[in-house]
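S.K.: What follows is a structure written as structure tokens; I'll ask about it next.
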């Protein structure tokens, strides 16, 4: 079956998480992704462990499926020329070097566009290609801090904590993939490529949009609220006699259904709690009362009472429970495939389903330089003797 993006070729010069995630999303739906790595070391995330599978970290192996790896020294004149020749035949180039690096290497957008005006060139950085912070080095933690995300995350009264996953990297990667697809769509009409400037900082602000809008409206600086939410309540987790429970009462109508189920009929029409606005003004007494009630039963007992009535609820699952979750199992969310070092592996499948051109894991993450010779032969038509000469000259790495 043809895949949605099987006519798209992507040059992936990125490393770590944001860029590789963007190209993995494209590769999952059929794009041919050529991962260009520096000889010897490769993508820095190959060393981000333990755990490791052979020489490569689980982090790298999980993230870089459906790609081909070539080792090219972009500082070598002949290596740079190989990259530019590959770019002539590509649809997309993705890089997340520090701002200014690709210009120094002679492979920036202007240089690549001169060889291929239809290229979609995506640069991902911490703070964007312009502005006073453009030259700052940035990783996920730094951007979570600068964006305000950490200031909102954690328990009430705390100084804030980092989100449990690299959310600044991941949102930038997802936005980059979306932007690339939008640019490819525009190219169908114009025939012209374009430059995409994706900032991790601005991607975080996209997630913080409601917090920023609320602050601009009322002037109150948002602070950590644990699992609670300022705009709705009850909308947070509570302790039960066993496992913690997440409750989301999203409307006043649902509140009126909710109260009798908990045995708090007196609160249903009480002016202090009858509306979401009133509940917000009396948050502390409301939450204290609800917590007392939830501690009278187990999670399973509460689920049996609340679920049939349509009250949104969920268990606070640890990762080991998630991978064995009945919904995850039923939908086949964890793809299985063979890796040359790790053997049989499982990882999260593409994030959405397409009825006619579904994505999937077709090949494991490549070994460093595994496809160098193959790509140079097939894409550039180089003979074995020329490939050997380039390897002797140091322009490319040794085969994987």
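S.K.: Rank by packing, highest mean first: peptides 225-237, 323-335, 151-163, 364-376, with packing defined as the count of other Cβ atoms within 10 Å averaged across residues.
M.R.: Put in order of decreasing packing, that is 364-376, 225-237, 151-163, 323-335.
S.K.: Express the relative contact order of the chain as a whole percentage, based on alpha carbon pairs under 8 Å and six or more residues apart in sequence.
M.R.: The normalised contact order for the chain reaches 20 percent.
S.K.: Suppose R0 equals 30 Å. What FRET efficiency, 1/(1 + (r/R0)^6) with r the Cβ-Cβ distance, do residue 324 and residue 220 give to the nearest 0.05?
M.R.: 0.10
S.K.: Ok, one more. Once you've got the GNM for the chain with C-alpha springs shorter than 10 Å, pick whichever of 382, 262, 201 has the biggest mean-square fluctuation.
M.R.: Result: 262 has the largest fluctuation of those listed.
S.K.: Under the rule of -39500 (n - 2.57) per DSSP H run of 4 or more residues, summed and divided by the residues of the chain, what mean residue ellipticity at 222 nm is obtained, to the nearest 500 deg cm²/dmol?
M.R.: -11500 deg cm²/dmol
S.K.: If you don't mind, another one. Using alpha carbon centroids, what distance separates the stretch 327-400 and the stretch 1-78, in Å?
M.R.: For the stretch 327-400 versus the stretch 1-78, the Cα centre distance is 8 Å.
S.K.: Mean-square fluctuation check for the chain, GNM, Cα pairs under 10 Å: which of 111, 16, 217 is largest?
M.R.: Per the Cα network of the chain with a 10 Å cutoff, 217 tops the list.
S.K.: Picking from 88, 378, 146, which is most flexible by a Gaussian network model of the chain using Cα springs under 10 Å?
M.R.: Answer for the Gaussian network model of the chain: 378.
S.K.: Separate question: Ranked highest first by the average count of other Cβ atoms within 10 Å around their residues, in what order do 113-119, 54-60, 9-15, 283-289 fall?
M.R.: Most protected by this proxy first, the peptides run 9-15, 54-60, 113-119, 283-289.
S.K.: So, in nm, how far is label residue 251 from label residue 182 when the simple model puts each one 7 Å beyond its Cα toward the Cβ?
M.R.: Result for the modelled spin labels: 3.2 nm.
S.K.: While we're here: How much length is gained if the chain between residue 55 and residue 241 is pulled fully straight, taking 0.36 nm per residue apart and subtracting their Cα-Cα distance, in nm to one decimal?
M.R.: 62.4 nm
Every read-out reported here was derived from the displayed coordinates using simple, explicitly stated rules and does not represent laboratory data. Predicted model only: the values in this text are computed from it and were never measured. No Cβ is skipped: glycine too gets one built from the backbone with ideal geometry, and neighbour counts run over all protein chains shown.
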